[in-house]
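Only one structure is covered here, and it is reproduced in the block below.
The values are calculated or read from the model by the stated rules, or taken from the named source; none is laboratory data. What you are looking at is a predicted structure, and each value in this text was computed from that prediction instead of being measured. Cβ placement follows ideal geometry from the backbone for every residue including glycine, while neighbour counts extend to all protein chains displayed. Side chains included, ligands, DNA and RNA excluded: accessible areas come from the protein's heavy atoms. Shrake-Rupley method; radii C 1.70, N 1.55, O 1.52, S 1.80 Å.
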Amino acid sequence: MTELSPTRTTTRSGGRAARRAARRAPLAQDLRPIHPGLTGGTYSPMTQAEVERIHHAALDALERIGLADAPQSGIDYLTAAGCTLGSDGRLRFPRTLVEDTLAIANRSVTLCSRNGETDLDLSGTRVHYGTAGAAVHMVDVEGRFYRDSTVQDLHDAARICDALDNIHFVQRPMVCRDIADNQEMDLNTIYACCSGTFKHVGTSFTDPSHVAPAMEMLHMIAGGEDKWRERPFVSNSNCFVVPPMKFATESCLVMEECIRHGMPVLLLSAGMAGATAPSTIAGAIVQAVAECLAGLVYVNAISPGYPAIFGTWPFGLDLRTGAMTGGSGEQALLSAGCGQMHRFYGLPGGAAGGIADSKLPDMQAGWEQMCSNVMAGLSGVNMIYEAAGMHASLLGFCHESLILGDDLIGQALRCVRGIEVTDETLALDQIAEVCLGGSGHYLGTDQTLSRMQRDHVYPSLGDRTSPKEWAENDKPELIDKARRRKEELLSRQSPARFAPDLDRTLRNRFKIHLPTT
């Protein structure tokens, strides 16, 4: 047999090494197997007739029952739009008013990033995953205990999110419990998040009077009010209702202030099935849809076509104990059903996903987080909140779990992308080539190698080694790998940190609790 010359051997070896290096190199955005805004909507837990029944039930609830406790300004806006105020103090919404509002509602909302590189297009059924939850505790995975969350924890979470490809936005995942003054907490929440990430940020305000100083801060960060209004990179997560079917007076006033200042609004209805919403999945969705439709009318009565997210967030309840459960199959169905209603209306929508009832990032947390994240994504929810890091039914947040969640969401996004059926992917020619005189397998074929990165999502921390390799690598624990990744990320300076002059100006104007770096 003729031996290969050294030159030829070197060439082949070099070519193989070059191909391996090319496969390891980051893919161009358009060639990656997953990315923000993949189109979902292939999963429908309800028939079209059932969706329409929920829609009509929600309209009936608004017309017959209405909502109580609107602020006087809200009453003025809504009665001017066509609502009626009953002697019982409840505002009722005629069906025609709701239908007219749906006709003018904004269906092309874009949530801006601060640097313009990670904007979120919420049209259609484009799916995005991110944080939220406003937990009051941090999970210490080493000590296996819970402690109060701090502004430093929040800032670190934002920094970590900025580096994770599958976390697409950063809504406040925890409360700064080390800041006693509520206005300072609201302002420091914005500072901590925006100095940690360029991605879109969501936040809340505890009082309407806090919006104006927050806007002053945001104008400074943006470089002026005109630049802020052109590209608002922070939205208001607004619990404008107190289920069942009551407006949250103070939150409504916050919403009005945010609209005046050009901040997009998440209309958030978060009833608990069996407590503040009907125990049935269909009934909880009806109430959430009715409440969010009322909020949509409210927003459009103030400013027609204003950017608002239809935030139906009904939560599950363990009826044995009365405790909230975010990691159940029922929760997954609630969020998926809400996603189907968003599609029915053609509105930008948000729902909960990825909540774990488990106290630590363990196997229970894995199945709980994956179940609702996949189902919400497949149903086409635009904004899937609380998708990573949330434990103890939203009471605790965990940095290591956030990092592991990036891997988990990557697999969920691959499910959302679905199956591509084309002449190329049907692979009939390849089957013939391999089976009729070929090698008898597909390993190493040009087609396999050319698609190994475009079609497959590989975990960053998940372990796919053999038991032998696992043992040779000292049997690494997933949590330990996540902890090391966290330490690595936090050892770097944040790319999103403010320029020194801007930071100095912000600190001179506001009481910033984060230490300077």
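Sub-6 Å Cβ pairs linking a first residue in segment 400-418 that is free of Cβ contacts under 8 Å to residues at least 40 places away in the same chain and under 14 Å from Ile167 (Cβ atoms) to a second residue that is among the β-branched types (Val, Ile, Thr) and open to solvent by less than 10 Å² (accessible area, probe 1.4 Å), at least 6 apart or interchain, number zero.
Residue-by-condition table, conditions (1) over 29 Å from the mean Cα position of the chain (by Cα); (2) exposed (fewer than 13 other Cβ atoms within 10 Å of the Cβ); (3) at pLDDT below 95; (4) farther than 26 Å from Gly37 by Cα:
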position: Arg417; (1), (2), (3), (4): no, no, no, no
position: Tyr442; (1), (2), (3), (4): yes, no, yes, yes
position: Gln447; (1), (2), (3), (4): yes, no, yes, yes
position: Arg451; (1), (2), (3), (4): no, no, yes, no
position: Val457; (1), (2), (3), (4): no, no, no, no
position: Leu461; (1), (2), (3), (4): no, no, no, no
position: Ser466; (1), (2), (3), (4): yes, yes, no, yes
position: Asp480; (1), (2), (3), (4): no, no, no, yes
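Of Met174, Met220, all but one fail to be hydrophobic (A, V, I, L, M, F, W, C), modelled with pLDDT of 95 or more and either surrounded by fewer than 18 Cβ atoms within 10 Å (Cβ to Cβ) or farther than 21 Å from Cys398 by Cβ (or both); the exception is Met220. Looking only at residues of segment 71-114 that are open to solvent by 60 Å² or more (accessible area, probe 1.4 Å), touching a Pro at 6+ places or on another chain (Cβ under 9 Å) and β-branched (Val, Ile, Thr), we find that the one that is farthest from Gly202 (Cα to Cα) is Thr84. Considering segment 115-127, and only residues there that are more than 23 Å from Trp228 (Cα to Cα) and under 13 Å from the mean Cα position of the chain (by Cα), the residue that is surrounded by the fewest Cβ atoms within 10 Å (Cβ to Cβ) turns out to be Arg126. Using the structure shown, decide if Leu426 is of a type outside the set (Val, Ile, Thr) and buried (at least 20 other Cβ atoms within 10 Å of the Cβ). No; evaluated as a whole, the condition is false for this residue.
Look at (1) open to solvent by 50 Å² or more (accessible area, probe 1.4 Å); (2) more than 28 Å from Leu490 (Cα to Cα) and you find that Leu395 fails only one, number (2). Restricted to segment 203-217, and to residues there that are more than 24 Å from Arg504 (Cα to Cα) and small (Gly, Ala, Ser), the residue that is least open to solvent (accessible area, probe 1.4 Å) is Ser204.
Here's the yes/no breakdown for (1) modelled with pLDDT under 95; (2) buried (at least 24 other Cβ atoms within 10 Å of the Cβ); (3) at positive phi:
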position	(1), (2), (3)
Gly143	no, no, no
Ala157	no, yes, no
Phe169	no, yes, no
Ile179	no, no, no
Met185	no, no, no
Val201	no, yes, no
Gly224	no, no, yes
Trp228	no, no, no
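Considering only residues of segment 354-399 that are free of Cβ contacts under 8 Å to residues at least 60 places away in the same chain and not in a helix (DSSP H, G or I), which is nearest to the chain's Cα centre (by Cα)? Residue satisfying both the conditions and the ranking: Ala356.
Let's see how each residue does on (1) open to solvent by 20 Å² or more (accessible area, probe 1.4 Å); (2) free of Cβ contacts under 8 Å to residues at least 40 places away in the same chain; (3) not in a strand (DSSP E or B):
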{"residue": "Ala275", "(1), (2), (3)": "yes, no, yes"}
{"residue": "Ala282", "(1), (2), (3)": "yes, no, yes"}
{"residue": "Gln287", "(1), (2), (3)": "yes, no, yes"}
{"residue": "Val299", "(1), (2), (3)": "no, no, yes"}
{"residue": "Gly316", "(1), (2), (3)": "no, no, no"}
{"residue": "Leu333", "(1), (2), (3)": "yes, no, yes"}
{"residue": "Gly337", "(1), (2), (3)": "no, no, yes"}
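Can you tell me which residue among Asp162, Asp153, Asp178, Asp186 is within 21 Å of Ser358 (Cβ to Cβ), of a type in the set (Asp, Glu) and in contact with a strand residue (DSSP E or B) (Cβ under 9 Å, 6 or more places away or on another chain)? Residue meeting the stated conditions: Asp153. Checking each residue in segment 348-373 for being closer than 22 Å to Thr125 by Cα and either of a type in the set (Asp, Glu) or surrounded by fewer than 24 Cβ atoms within 10 Å (Cβ to Cβ) (or both) picks out Met370, Cys371.
Within segment 230-250, the residues that satisfy the criterion of being part of a strand (DSSP E or B) and buried (at least 18 other Cβ atoms within 10 Å of the Cβ) are Val234, Ser235, Asn236, Ser237, Asn238, Val241, Phe247.
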